[in-house]
Amino acid sequence: MHATSPPTCWHTPAPQSRRPLTTPNRWFPLELHTRLPLVHWLPAGVAGRAYDLAGKSWARENHLLGSGELRGLFPGPVHVHNLGMTLVAIA
């Protein structure tokens, strides 16, 4: 289902509130979406072939983020916490 506007249960947080965002950590050896170890560190062509062989061709479109890339998504100051498998950004 595609929503054209946010559900009524959503609200816009006050400007001073903190908002966390989590994402898998590019530098963790296991890619969480595919559960394949190390493949996401390979060159794109080799990784793509590995995803195909594992029956996970959709993973070719994944772009995992490191701390710096995650930090760059925010226009202002952000704290990025590395929890191993995941990164948490709090803005």
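The values are calculated or read from the model by the stated rules, or taken from the named source; none is laboratory data. The structure displayed is predicted, hence computed values, not measured ones. A quick note on method: Cβ atoms are made from the backbone with ideal geometry, for glycine too, and the neighbour counts reach across all protein chains shown.
General remarks:
- Qualifying residue in region 72-84 (condition: at pLDDT 95 or above, over 16 Å from the mean Cα position of the chain (by Cα) and crowded, with 16+ Cβ neighbours inside 10 Å): no
- Count - residues of region 54-64 that are touching a helix residue (DSSP H, G or I) at 6+ places or on another chain (Cβ under 9 Å), outside any helix (DSSP H, G or I) and not charged (D, E, K, R): 4
- Single condition GLY45 does not satisfy, out of (1) at pLDDT 95 or above; (2) in a strand (DSSP E or B): (2)
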